Each structure stands twice: as structure tokens, then as C-alpha cells.
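Here the structure is laid out as C-alpha cells; the discussion comes afterwards.
The values are calculated or read from the model by the stated rules, or taken from the named source; none is laboratory data. Everything numeric here is computed off the predicted structure, so don't read it as measured data. So basically every Cβ, Gly included, is an ideal-geometry build from the backbone, and we count neighbours across all protein chains shown. Surface areas here come from the heavy atoms of the whole protein model, side chains and all, with no ligands, DNA or RNA. Shrake-Rupley method; radii C 1.70, N 1.55, O 1.52, S 1.80 Å.
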Amino acid sequence: MKHFLFFFCFLTVISCTNTSENELNFFTLSHSVSPIDGGSILLSESPPFYKDSQISITAVPASNYKFSHWTGDLNGTEESQSLLINSDKSFTAQFTPLDDFASDHIAFYDASLMDTSGYIFMMENGQNQAYLVNHEGEKLQEWSFESRFGNDLEITNNGEFLGCFKVEQPYFSFGGFGGHVKKLDLNGNLLWEYVVNTENEIAHHDATELPNGHILIMVWERITQEELSSVGLTVGHDVFLEKLIEVNPQTDEVVWQWRSWEHIVQDVDPAKAAYGLLSEHPNKINIAYNDLENGDWMHANGIFYDSSTDVIYMSVNFYSEVWVIDHSTTTQEAATNKGGQFNRGGDLIYRFGNPITFGGEASTRFLFKNHHPSVVPNSYPGAGNFLIYNNGSNNEQSIAYELSLPAFSETSMQNYTAPQSIWSFTDPNMYFDKISGLVRLPNGNTLICEGDYGYWEVTTSGQVVWKYDGLGKSFWRGYFYTKTDSRLRSLNLENKN
């Protein structure tokens with residue numbers, strides 16, 4: 001009996017000793033969220049929580065909620081906190097519902113996945129209003145211009161606007177006409193202007209600044225009935241084809257040009273100039289592909305200059321193609337099929353989207369009207385890949401594409417390799433047969449402009465994380481500028497966001 005009592009007391013001492021050690025070495029954490037469906041809390045460690053250990057705590061808002069602040073043993077508005085375990089702790093993550101922090105424009109908001117490193121630059125299509133918007137829908141900066149857009153407006157590397165604007169009295173016009181290219185400071189003061197508006201030419205849709213400061217401008221060029229007749233086409237009216245000019249803003253001199261008319265092929269009349277089988281001349285442009293009565297046969301709507309390859313990408317809407325043009329040529333070489341880094345002169349070094357235009361198979365066509373060509377910047381996920389918005393006029397379904405293009409060479413079109421689709425996004429509710437576009441964001445998300453609706457931000461997995469409803473307004477494109485971008489420095493946005 002004595003032995004039993006001794007053994008019982010011995011266990012009791014051990015038990016009491018262990019309990020005492022546990023109380024000294026471990027602490028409890030209790031945490032909650034408010035409201036209950038507002039989000040969740042992530043801990044870097046699981047229980048038990050050792051004395052004097054350090055853990056990371058992160059508040060993760062649910063869709064259509066935004067983290068507000070911490071209460072209890074945590075404080076502040078930073079989503080991620082570090083906590084020293086030196087006693088029992090209790091804290092709550094407070095979240096705010098969408099209706100309380102965003103404007104009426106925000107239709108969907110997932111703070112945990114969207115790219116909050118910058119702002120969205122929006123321009124109303126064909127109007128004179130542009131604004132810089134954060135993800136909460138706040139217009140941090142607004143601009144009103146004297147003239148309407150025709151169509152593009154962007155902020156250059158020098159922190160200036162480069163825009164296409166509509167002339168008041170165009171000699172001729174189609175949708176997207178401009179005629180007047182301007183550079184302005186971000187206060188709207190005119191720095192430079194260049195007008196292309198004659199009975200034979202008018203600037204339209206897009207212009208871009210090259211690394212040397214020159215301005216590349218898209219131009220519609222009149223081709224007369226007599227000139228068309230010389231290549232076997234009798235249509236009863238003039239037509240307006242695509243031309244590119246490079247202007248030195250210091251002298252207003254055109255220092256380079258490319259004309260689509262100088263690179264055509266026709267398979268209509270063997271007795272006339274430029275005759276040939278399309279499949280034997282894939283670097284040429286089938287002049288007879290369209291026969292629209294208004295004469296706007298190509299309707300290019302966007303250009304992108306890639307400085308890493310010295311080539312120009314041009315989105316050609318009515319051919320449902322992207323044309324790749326060698327910018328390394330001289331103007332004289334650009335008028336021929338020889339010269340330049342690919343020894344193709346001004347002939348197309350590559351093209352894609354609609355192989356029917358050069359005698360290919362209809363089954364491999366994937367563009368049905370298209371807008372906004374661009375290349376993903378070097379520092380962004382998918383660097384070097386190509387982005388294009390497929391309007392989807394064939395089935396009323398738009399698709400945003402990210403493509404991998406083959407390396408270009410003199411024989412790119414003879415040994416043709418179609419682009420590889422790396423990523424794409426569509427949605428039953430995303431369709432507009434005009435304007436629109438997309439850009440890659442620094443975190444790998446993609447910002448899509450659906451022209452008659454507004455903007456979508458989607459992840460690489462196709463998850464929608466943000467939507468901006470234009471509430472009846474239409475938008476040409478969208479651009480994204482990071483909060484630290486030097487181009488925005490003069491706006492002093494720090495106190496506005």
C-alpha cells in the first residue's frame with residue numbers, strides 16, 4: 001500500500017511539472033474575421049506556438065471585400081503582420097464590402113489576386129476624355145482635350161502625351177480617322193503637332209514614338225481607279241490602302257515610309273501587273289481580298305514597334321491578320337522586295353491570323369477582326385510573347401490571345417510555322433466587334449479592354465479578379481502604368497491614392 005501511494009505521488013509531481021513547463025513555453029492564439037464572410041487569416045506556423053517565436057499573419061480578403069485594419073493584439077492597415085509570441089494573443093481582421101469602398105463602376109474585385117502595383121489609363125473611344133483610375137474605380141487624374149481622339153492616346157517614356165486627334169474638316173474619313181498627331185505635356189500644353197489631312201491621305205487610328213524620338217504614324221493612302229485598273233481590278237471607285245510614315249519631330253521631315261500598294265499580288269488577271277498565285281507569293285498582299293464599296297479595304301487599326309527586333313507589327317482588321325514589316329530597310333528598300341535585315345525589303349516578313357489571305361487553309365484561321373498588337377515587356381511574365389485581341393466577329397465571342405511567334409528570317413513565309421497559342425481568355429459575356437485590346441501586367445495578370453463594356457483583369461489561370469463597368473461609355477484601349485513609373489512623376493499621385 002505504501003509503494004502504491006509513493007508511485008501515485010510521483011506521477012502527480014511529474015504531471016504538475018509538465019503542466020508548469022507547458023504554461024511557460026507555449027501560448028494560445030485566438031483570431032477571427034469581421035464580417036464572417038469577409039475573408040480569412042493565414043498563419044505561417046501551426047500550433048503549438050512556442051514562447052518568443054515569431055510568426056507571420058496575413059489577412060486574405062474574400063471576393064468583393066477589401067482588408068481594412070486589425071483590432072485586438074494587432075493593429076494597423078497592413079495586410080501582413082509579424083507577431084512575437086510572448087503571451088496569449090487575440091486579434092481580428094476587419095474587412096470592408098465592395099459597396100463601401102469602390103465606385104459604382106467596379107463590378108468585381110478580388111484583392112488577393114489582382115495587380116495593385118499601378119493604375120489603369122483609360123481613353124473614351126472617339127471622345128475627348130481620358131483618366132487614370134485605381135482598382136477602387138477612383139479617377140486619380142482626369143483630362144479633357146480640345147479635340148476628339150482619333151483614336152490612340154498614350155503616355156510616352158518622356159512623360160508626355162502622344163495622341164491621335166480628329167481634324168475638324170477631314171477630306172475623307174472612315175471609322176478611326178484622325179488627321180492630327182500631337183504631343184502634349186501632362187497639363188495639356190501643346191509641344192508638337194503634325195497634320196496628315198489631304199484629298200489623298202489622312203492619318204488614322206494609331207501613332208507610336210520610336211526610341212530615337214521619331215513618330216511612326218498610320219496613314220490611309222488613296223489609290224485611284226486608274227491605278228487599280230493597271231493591276232486588273234475594275235471596281236468603279238478609288239480605294240484607300242495602308243501606309244506608314246516615320247516623322248522626325250525636330251524637322252517634320254518624313255525620314256522613312258512603307259506603302260502596302262508597293263507589295264501587292266493579284267490572281268485575277270494574268271495580263272496585268274502584280275499577277276501571281278497567292279501560295280507562291282506569301283510575302284505579298286492580296287489586293288483583291290476585299291471589295292468593300294466605301295474603298296476602305298484593309299482598315300489597319302494598330303501598330304507596335306519592337307525595338308529588340310526592329311520590326312513593326314500592324315493589326316489589319318479587314319484581313320483579320322497581323323502583318324510584320326521590317327523597319328531596318330531604307331525608304332528605297334521598303335519600296336522593293338530586297339534589302340533590310342531579312343533581305344525582303346518592304347514585303348511582309350511574316351503574317352498570321354488568317355492564312356486564307358495567302359492561299360492557306362481556312363481551318364487554321366483564328367482571327368476574325370483584331371485589335372491592339374503588342375509584345376510583352378522583357379521584365380514581365382511571358383516576356384517576348386505577342387498579344388492580340390480577336391474581336392470574334394465569326395461567332396460573337398471575343399478572345400484575348402498570347403502567342404509565341406517563330407524567329408523571323410528571309411524564308412519565314414516559305415517555311416511557314418504558325419504561331420503557338422500560349423494563353424487565351426474568353427467569357428460568354430465578353431464580345432465586341434470593334435476597338436478593344438489587352439496588355440500584360442507586372443504580376444502576370446492580363447488587363448483586357450472590352451470596348452463597349454470596360455475592363456477585365458484576369459490571371460494566368462483565367463480567373464477574373466477585377467471588372468470595371470463603363471456604364472454605357474466605350475473605350476479604345478487600356479494601358480497600365482505602375483505607381484513608381486517615372487512617366488507619372490509630374491502628376492504627384494502620392495496624396496491622391
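Taking every pair of distinct Cα atoms and averaging 1/r, then inverting, what Kirkwood hydrodynamic radius in Å comes out for the range 177-299? Provide the component values of the computation, followed by the final result.
Working: mean 1/r = 0.0623 Å⁻¹.
For the range 177-299, inverting the mean 1/r across all distinct Cα pairs yields 16.0 Å.
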Query - Separation between Cα centres of the range 286-316 and the range 119-172, rounded to whole Å - result: 23 Å
Query raised in the report: Could you give the angle, 0 to 90 degrees to the nearest 10, between helix 2-25's Cα long axis and the longest principal axis of the Cα atoms of the chain?
Result: 40 degrees
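At a 1.4 Å probe radius, carbon and sulfur cover how many percent of the accessible area of the range 168-270?
Working: 1750 of 4270 Å².
Result for the range 168-270: 41 percent of the exposed heavy-atom area is carbon or sulfur.
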Query raised in the report: How many nm separate the modelled label positions at N200 and N415, each set 7 Å beyond the Cα in the direction of the Cβ?
Result: 4.2 nm
Requested in this report: Over every pair of different alpha-carbon atoms in the range 356-497, take the mean of 1/r and invert it; report that Kirkwood radius in Å.
Outcome: 16.6 Å
Report task. State the percentage of accessible surface on the range 402-497 attributable to carbon and sulfur atoms; use a 1.4 Å probe and exclude ligands, DNA and RNA. Result -> 45 percent
Query raised in the report: Can you give me the Cα centroid spacing of the range 461-484 and the range 61-107 in angstrom?
Result: 25 Å
Query - Set of aspartates and glutamates near K66 by C-alpha distance (under 12 Å), chain-local residues within fewer than 8 positions excluded - result: D37, E78, E79, D99, D100, D110, E136
Requested in this report: Tabulate in residue order the Karplus-calculated ³J(HN,Hα) for the range 216-230, using 6.51 cos²θ - 1.76 cosθ + 1.60 with θ = phi - 60°, rounded to whole Hz; enter x for Gly and Pro.
Outcome: 9, 10, 8, 9, 7, 10, 6, 10, 6, 4, 5, 5, 5, 4, 5
Requested in this report: Could you tell me the largest-minus-smallest coordinate of the C-alpha atoms of the range 88-193 on each of the three principal axes, in descending order and whole angstroms?
Outcome: 77, 28, 20
Requested in this report: List the GluC sites (Glu not before Pro) within the range 306-362 that fall in a DSSP loop (any state other than H, G, I, E or B) and whose Cβ has at most 11 other Cβ atoms within 10 Å.
Outcome: E361
Query raised in the report: Which cross-chain or sequence-distant (5 or more) residues have an amide H under 5 Å from the amide H of S90, H modelled 1.01 Å from N in plane?
Result: S30, D73
Report summary line: Karplus-derived 3J(HN,Hα) from phi for the range 447-456 (6.51 cos²θ - 1.76 cosθ + 1.60, θ = phi - 60°), whole Hz, x at Gly and Pro, runs 9, 10, 9, 9, x, 8, 10, x, 9, 10
Query - q = 0.23 Å⁻¹: log10 I(q)/I(0) that the Debye formula gives for the range 433-497, counting C-alpha atoms only - result: -1.01
Query raised in the report: Once Rg/Rh (Cα atoms, Kirkwood Rh) is worked out from the coordinates, which option in (i) 1.16; (ii) 0.96; (iii) 1.21 does it equal?
Result: (i)
Requested in this report: Find the accessible area per residue for the chain; the probe is 1.4 Å, ligands and nucleic acids are left out, and the unit is Å².
Outcome: 44 Å²
Requested in this report: Please report, in whole Å, how far the alpha carbons of the range 320-388 spread along each principal axis, starting with the longest.
Outcome: 37, 34, 17
Query raised in the report: Sequence-distant or interchain residues sharing an amide H contact under 5 Å with F432, placed H: which?
Result: S398
Report task. Please turn the phi angles of the range 417-429 into ³J(HN,Hα) values with the Karplus equation 6.51 cos²θ - 1.76 cosθ + 1.60 (θ = phi - 60°), one per residue in order, whole Hz, x for glycine and proline. Result -> 10, 6, x, 9, 6, 8, 7, 8, 9, 8, 7, x, 9
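Magnitude of the Cβ-charge dipole of the chain, K/R +1 and D/E -1, about the Cα centre, nearest 20 debye?
Numbers: 28 positive and 62 negative charges, 198 e Å.
Roughly 940 debye, rounded to the nearest 20.
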Query raised in the report: Going toward the positive end of the dipole of the chain, with +1 on Lys and Arg Cβ and -1 on Asp and Glu Cβ, which of W456, V219, W256 do you reach last?
Result: W456
Query raised in the report: Q141's amide H: which non-local residues (gap 5+, or another chain) put their own amide H closer than 5 Å, with H modeled 1.01 Å from N in plane and none for Pro or chain starts?
Result: L132
Query raised in the report: Which percent of the accessible area of the range 42-104 is formed by carbon and sulfur heavy atoms (probe 1.4 angstrom)?
Result: 42 percent
Query raised in the report: Antiparallel as a % of all DSSP beta bridges within the chain, to the nearest 5?
Result: 90 percent
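For the chain, what does -39500 (n - 2.57) per DSSP helix run (n ≥ 4), summed and divided by total residues, give at 222 nm, in deg cm²/dmol to the nearest 500? Can you show the working numbers first?
Working: 4 runs with 37 residues, N = 497.
The per-residue figure over the chain is -2000 deg cm²/dmol.
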